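The structure appears right after this line, and notes come after that.
Bear in mind these aren't lab numbers, they're just calculated from the coordinates by the rules spelled out. Given the structure is predicted, the values throughout are model-derived calculations rather than measurements. We place every Cβ from the backbone using ideal geometry, glycine too, and count neighbours over all the protein chains shown.
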């Protein structure tokens with residue numbers, strides 16, 4: 001934005017009223033937090049994708065469950081690896097109970113228990129990933145309206161100044177209108193990156209959720225195969 005009537009953008013902001021300054025402060029804070037979340041979520045999802053690819057490659061490559069457990073302990077970002085750790089722990093508990101004679105072997109009911117536990121774990125992981133995106137969604141949806149409020153308030157103030165001065169020349173009202181439009185620009189500057197990032201991250205959440213669902217099916221199928229071999 002070019003300076004208007006000898007005023008820089010900083011001058012217009014400094015000369016604005018308390019309401020306009022408060023609106024701009026809210027939008028700046030929202031933008032800073034959003035960019036912090038964008039950077040953090042980008043790194044987290046990138047590592048989650050990489051670790052999930054490595055884990056599924058080992059799993060489908062025929063690695064032993066004990067080996068996968070040791071590898072999964074080193075992968076802290078993959079929700080699929082976390083799902084496997086929870087399932088492996090449940091299976092181990094059932095096996096220990098069966099070995100003591102106080103539990104049951106991996107019959108159909110026990111496998112159903114493992115499946116329900118995996119479904120709960122996957123649902124909790126999905127909710128956690130989506131909850132971290134709530135602020136981005138809120139920023140994307142509300143920032144333009146906050147900026148619009150600042151613009152409307154600024155235009156009202158500008159016309160009040162024109163009425164008080166009795167001059168309707170361009171030099172009289174151009175700085176006030178420019179001051180008001182800064183709020184709209186700030187709202188869009190906060191909303192657009194948040195909206196783009198939210199849609200991108202939400203797609204990655206859905207992809208990871210699908211991979212968790214597919215892994216659940218494959219793991220339960222593996223348990224059924226082992227039960228038939230040992231039965």
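Residue separation times 0.36 nm, minus the C-alpha to C-alpha distance between residue 148 and residue 39: what's the value?
Extending this stretch completely gives an extra 36.5 nm.
Going by average Cβ neighbours within 10 Å, how do the peptides 41-49, 136-144 rank, with the highest at the top?
136-144, 41-49
Nearest 0.05, what FRET efficiency do residue 214 and residue 128 give at R0 = 22 Å with Cβ-Cβ as r?
0.70
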